[in-house]
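Read through the structure below, which is laid out as structure tokens, and then see the notes.
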Amino acid sequence: MQKITVFSPATVANLSCGYDVLGMCLAHIGDEITVTKIAAKGIKIAKMKGFDLPLDATKNAAGASALALLKKIDIDFGFEIEIVKKVHPGSGIGSSASSAAGSVFAINELLGRPFSKMQLIAFAMEGERVACGAPIADNVAPAILGGFTLVKSTNPLKVLSLPTLNDLFVVILHPQIEIKTADARNILPKEIPLTAAVKQWANVGSLISALYEKDYDLFSESLEDVIVEPYRSKLIPDFNQVKLISLEAGSLGCGISGSGPAIFSICKGEKSAINVTEKINTFYGTTSINFHIFITKVNSEGIKIMQPKYT
Ligand code: HSE
């Protein structure tokens, strides 16, 4: 195979209580990444459609992850990458991760899969390092593995795939402001009170139990963030009001998606998701901020091949 196109999905990191450890893969929205084998060694970003991002491979999330992969294999050819960028940079739904994960997934396929998914996550983390200043795994892991994931540790890298609840719908509100992940990380305190930590790790444990036990009530109770949200919510216009409206309209939980500004609401069933969307839409329409809002589902598959089609 000389050329491949993959769909590399958007993701919601943190899921309120799990800063830097929990993540969830989204359906319907993702970057389309085409990788072609070329004679010249190295990585060339040939095209970028949708957004104006660096074409220098060392400065681009897809390029940096691909370069990390190339360091681990001895080959006498290289790859050209074309990106149709559909996940808005700086939106909070894992834009850099979808590019970083997509390029290495595609290259691995062209090479005949010499690397495991865990190794691909490690390469993609290098893309995250370039894009947001930290080699975080909580977006790239669900993009590659699909579903819900838990980053047990980054060094050594260990990521667990978690079960999902069947009837989940996700509402994403994307206020059209940009928050840089690096900035949203820098405003967080270096130390936290023990009482907050106790609450937070109880929530993480309960959320994971809820996924295994298929317990929607416990899942809902556990979607609570007493550590990061109080700081970051100040960066997002009317966050507290949106959250209140979402919960009153029946969502299971509502929080900041990754480092924001996107706000996610998780709902049980499509009817509930439509109701939540309508209520948030009506409210946010009264603010002065432009926004997009959409409903999607949990994507249990992760990155998938679009071309060539094997059917
Ligand atoms: N866990 C990261 C953060 C995700 O919250 O900074 C960034 O999308």
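Okay, here's what the table says:
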| read-out | value |
| --- | --- |
| In the range 97-123, residue farthest from the ligand (Cβ to nearest atom) [restricted to those that are of a type in the set (G, A, S) and free of Cβ contacts under 8 Å to residues at least 60 places away in the same chain] | G112 |
| Residues within the range 1-43 that are open to solvent by less than 30 Å² (accessible area, probe 1.4 Å) and in a loop (DSSP other than H, G, I, E, B), tallied | 5 |
| Single unsatisfied condition, A143 versus (1) within 15 Å of the ligand (Cβ to nearest atom); (2) assigned by TED's automatic domain parsing to the domain that holds P89; (3) part of a strand (DSSP E or B) | (3) |
| Test: residue in the range 148-168 that is outside the structural domain of C254 (by TED's automatic domain parsing), among the aromatic types (F, W, Y) and either open to solvent by less than 70 Å² (accessible area, probe 1.4 Å) or away from the ligand (no atom under 14 Å from the Cβ) (or both) | yes |
| The range 203-216: number of residues that are among the polar types (S, T, N, Q), open to solvent by less than 40 Å² (accessible area, probe 1.4 Å) and away from the ligand (no atom under 16 Å from the Cβ) | 1 |
| Residue satisfying condition, being in a helix (DSSP H, G or I) and closer than 21 Å to P9 by Cβ, within set L211, L150, L160, L218 | L211 |
| Scan of the range 176-200 for residues that are open to solvent by less than 70 Å² (accessible area, probe 1.4 Å), within 14 Å of the ligand (Cβ to nearest atom) and in a helix (DSSP H, G or I), ordered by number | T181, A182, A184, R185, Q200 |
| Residues of the range 70-124 that turn out to be in a loop (DSSP other than H, G, I, E, B) and within 21 Å of L157 (Cβ to Cβ), as a count | 9 |
| Single residue of the range 217-244 satisfying the filter (in contact (Cβ under 8 Å) with a residue 12 or more places away in the chain, within 18 Å of N290 (Cα to Cα) and not charged (D, E, K, R)) that is farthest from the ligand (Cβ to nearest atom) | Q241 |
| Any hit, the range 70-87, residues being open to solvent by less than 60 Å² (accessible area, probe 1.4 Å) and under 13 Å from the mean Cα position of the chain (by Cα) | yes |
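Table: residues versus (1) within 16 Å of the ligand (Cβ to nearest atom); (2) of a type outside the set (F, W, Y); (3) without any contact (Cβ under 8 Å) to a residue 24 or more places away in the chain.
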{"residue": "Q2", "(1), (2), (3)": "no, yes, no"}
{"residue": "G23", "(1), (2), (3)": "yes, yes, no"}
{"residue": "A39", "(1), (2), (3)": "no, yes, no"}
{"residue": "D52", "(1), (2), (3)": "no, yes, yes"}
{"residue": "L55", "(1), (2), (3)": "no, yes, yes"}
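The values are calculated or read from the model by the stated rules, or taken from the named source; none is laboratory data. All figures in this text were calculated on a predicted structure; none of them were measured in a lab. Reconstructed Cβ throughout: ideal geometry from the backbone, glycine too, with neighbour counts over all protein chains shown. With ligands, DNA and RNA removed, areas are computed over all heavy atoms of the protein, side chains included. Shrake-Rupley method; radii C 1.70, N 1.55, O 1.52, S 1.80 Å.
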